Amino acid sequence: MEASGSGGKGQGPEVSLTYYRLEEVAKCNSSKEIWLVIHGRVYDTNRILNEHPGGEEVLLEQAGADANESFEDVGHSSDAREMLKQYYIGDIHPSDLKPEGGSKDSSKENSCKSCWFYCIFSIIGVVLLGFLYRYYMWESKFSRGDLAEV
Ligand code: HEM
């Protein structure tokens, strides 16, 4: 497939971007054409296939897909990140971009929810303890008063 990018060129006089739709990238998933998406950028990794230190299998597995997670999971060195530039062919079209770290946000939301949960429970606990304390004081006062009367 020609690296044309049906989405067209990016705007702006200085930066000229080629945008690719996810479906275009998905088509490049054979041993002849291996395109990967990493951090919203498209890489043609054909030339690295035989030289990739992690082997060609891993690249073939990710071909045509968003390889962001697997690329990061391996913990590639800064040299490897620098190498990415050689294979860069364009960006994913903005309308196909998924927000990165979406799962992080939802975990943040969850942790916030549990924070509220603990907060409310602590307040209820303090109020209950207050009532118990008052009850205890009132009862001991009452029994002391009783004793005084006798
Ligand atoms: C264009 C994209 C990629 C480039 C330029 C690249 C480059 C490299 C380089 C230079 C290394 C040597 C170790 C280092 O310097 O970090 C490496 C190792 C490795 N890569 Fe990639 N890589 C790419 C994509 C991927 C992808 C998508 C995967 C998917 C899982 C992957 C999996 C691995 C593995 C498993 C190793 C071996 C790690 C080890 O033995 O410690 N790589 N890669």
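The values are calculated or read from the model by the stated rules, or taken from the named source; none is laboratory data. What you see is a predicted model, and the numbers here were worked out from it, not measured in a lab. Every residue, glycine among them, receives a Cβ derived from its backbone with ideal geometry; neighbour counts consider all protein chains shown. Each accessible area value is taken on the protein alone, full model and side chains, heavy atoms only, with ligands, DNA and RNA left out. Shrake-Rupley method; radii C 1.70, N 1.55, O 1.52, S 1.80 Å.
Note on region 70-95: among residues that are under 16 Å from the mean Cα position of the chain (by Cα) and open to solvent by less than 70 Å² (accessible area, probe 1.4 Å), the one that is farthest from the ligand (Cβ to nearest atom) is Glu72.
Residues that are open to solvent by 60 Å² or more (accessible area, probe 1.4 Å) and near the ligand (Cβ under 7 Å from one of its atoms) within region 37-57 comprise just one, Pro53.
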